[in-house]
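Here the structure is laid out as structure tokens; the discussion comes afterwards.
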Amino acid sequence: MIEIAIDGTAASGKGTLAKKLAKKYGFVHLDTGLLYRKVANELIINKKDTSSNLAYHSCEIARNLNLLELNKKELRSEETAKLASFIATYTKLREILNSKQKEFVANNKTKFPGCVLDGRDIGTKILPNADFKFFIDASIDIRAKRRLLEKNISFLHENDEKCMLHSLIIEISERDKLDSSRKTSPLVPANDAHVIDTSFIDAEELLLKVTKIIEGI
Ligand code: DC
């Protein structure tokens with residue numbers, strides 16, 4: 001099975017790239033951020049997000065997580081993302097979710113010719129022997145603008161838009177900082193990853209660039 005590992009910062013375009021690659025090659029895809037988001041969302045729904053036993057409750061939820069029940073739409077909020085990034089610092093929780101991700105790959109080995117996983121520690125921890133590793137990044141301003149566009153909000157006043165963009169810049173920067181500075185599996189490019197800046201290229205151009213690398217063109 002061909003393994004493709006994609007890591008990168010929030011809203012860098014790594015998720016769209018992973019989906020497009022999986023579709024192009026008929027590979028199975030797992031957005032690993034959804035696992036952390038699902039645990040965070042369950043904590044919020046069950047009002048355990050302010051508990052002093054946050055690590056314990058996170059691990060309990062993670063153990064019972066069903067990878068077939070990850071619905072991206074309901075997990076999209078910045079509140080969920082922020083808590084996901086926070087609980088992702090727990091070593092025990094990462095161990096549980098790492099096993100789930102590795103199980104996912106093992107279970108699909110005979111069903112698909114390849115897999116694409118995207119997240120923060122795929123090239124360094126989950127698929128250290130991946131055939132292809134990519135690390136995707138872009139400037140903070142561009143990433144915040146992309147997030148804003150995804151939200152598809154019609155603003156009545158220009159100032160409201162500016163204000164929301166400013167909040168997104170702060171939220172994404174804080175998340176980047178937490179993801180890159182945690183002790184266990186921080187967000188860093190694997191030594192053998194192709195590092196790509198998407199600040200000035202769109203999703204199709206990124207796909208073309210990555211496809212050329214994979215196909216050795
Ligand atoms: O990719 P995302 O924005 O949906 O991820 C949400 C959070 O989950 C991210 O801020 C950190 C955490 N995460 C992680 O620690 N390791 C992964 N492989 C994927 C996500």
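The values are calculated or read from the model by the stated rules, or taken from the named source; none is laboratory data. As the structure is a prediction and not an experimental result, all values here were calculated from the model. Here the Cβ is made from the backbone with ideal geometry for all residues, glycine too, and neighbour counts use every protein chain on show. Protein only, heavy atoms only, side chains kept; ligands, DNA and RNA dropped before computing areas. Shrake-Rupley method; radii C 1.70, N 1.55, O 1.52, S 1.80 Å.
Please work out the Cα convex hull volume for the stretch 145-217 and give it in Å³ per residue.
Here the figure is 118 Å³ per residue.
Could you grab the relative contact order for the stretch 80-173? Cα pairs under 8 Å, six or more apart, rounded to a whole percent. Write down the numbers at each step before the final one.
Numbers: 26 pairs, mean separation 21.1, N = 94.
For the stretch 80-173, the relative contact order is 22 percent.
In whole Hz and in residue order, list the ³J(HN,Hα) couplings for the stretch 46-61 that follow from phi through the Karplus curve 6.51 cos²θ - 1.76 cosθ + 1.60, θ = phi - 60°; x for Gly and Pro.
Each residue's phi maps through the Karplus curve to give 8, 6, 9, 5, 10, 5, 6, 9, 4, 5, 4, 5, 4, 5, 4, 5 Hz.
What ³J(HN,Hα) values, in whole Hz, does the Karplus curve 6.51 cos²θ - 1.76 cosθ + 1.60 give for the stretch 98-104 when θ = phi - 60°, with x put for Gly and Pro?
Couplings: 4, 4, 4, 5, 5, 4, 4 Hz.
At a probe size of 1.4 Å, how large is the accessible area of H166, to the nearest 10 Å²?
For H166, solvent-accessible area is about 110 Å².
Enumerate the amide H contacts of R182 below 5 Å, restricted to partners 5 or more residues apart or on another chain; note that Pro and chain-start residues carry no placed amide H.
Distant-sequence amide H within range of R182: L187.
Calculate, in nm to one decimal, what K212 and L68 gain on full extension: separation in residues at 0.36 nm each, minus their alpha carbon distance.
On the way: separation 144, 0.36 × 144 = 51.84 nm, distance 3.16 nm.
Here the answer is 48.7 nm.
Give the lysines whose C-alpha is closer than 19 Å to that of K23, dropping any in the same chain fewer than 8 places away, or say none.
Of all the lysines, those that pass the test against K23 - Cα under 19 Å, at least 8 places apart if same chain - are K14, K72, K109, K111, K133, K209, K212.
To the nearest whole percent, what portion of all C-alpha pairs in the stretch 1-155 is separated by more than 29 angstrom?
The calculated P(r) of the stretch 1-155 puts 18 percent of pairs beyond 29 Å.
For R76, list long-range residues whose amide hydrogen, built 1.01 Å from N in the peptide plane, is under 5 Å from its own amide hydrogen.
none
Identify which of S180, S139, S52 has the largest mean-square fluctuation in a Gaussian network model of the chain, with springs joining Cα atoms closer than 10 Å.
Of the options given, S52 has the highest mean-square fluctuation.
So how do 88-100, 61-73, 199-211, 8-20 stack up, highest first, on mean other-Cβ count within 10 Å?
8-20, 88-100, 199-211, 61-73
Using the Karplus equation 6.51 cos²θ - 1.76 cosθ + 1.60 (θ = phi - 60°), what ³J(HN,Hα) coupling, rounded to whole Hz, does each residue of the stretch 86-92 give in order, writing x for Gly and Pro?
5, 6, 5, 7, 6, 4, 5
In Å, what is the Rg of the alpha-carbon atoms in the stretch 91-146, and how long is Dmax?
Looking at the stretch 91-146, its Cα Rg and Dmax stand at 14.1, 42 Å.
In debye, nearest 20: dipole of the chain around its Cα centre with unit charges on the Cβ of K, R (+) and D, E (-)?
580 debye
Suppose each label sits 7 Å from its Cα in the direction of the beta carbon; what would the I142-N107 distance come out to in nanometres?
3.6 nm
Rg and Dmax of the stretch 75-217, using alpha carbons, in Å: what are they?
17.3, 54
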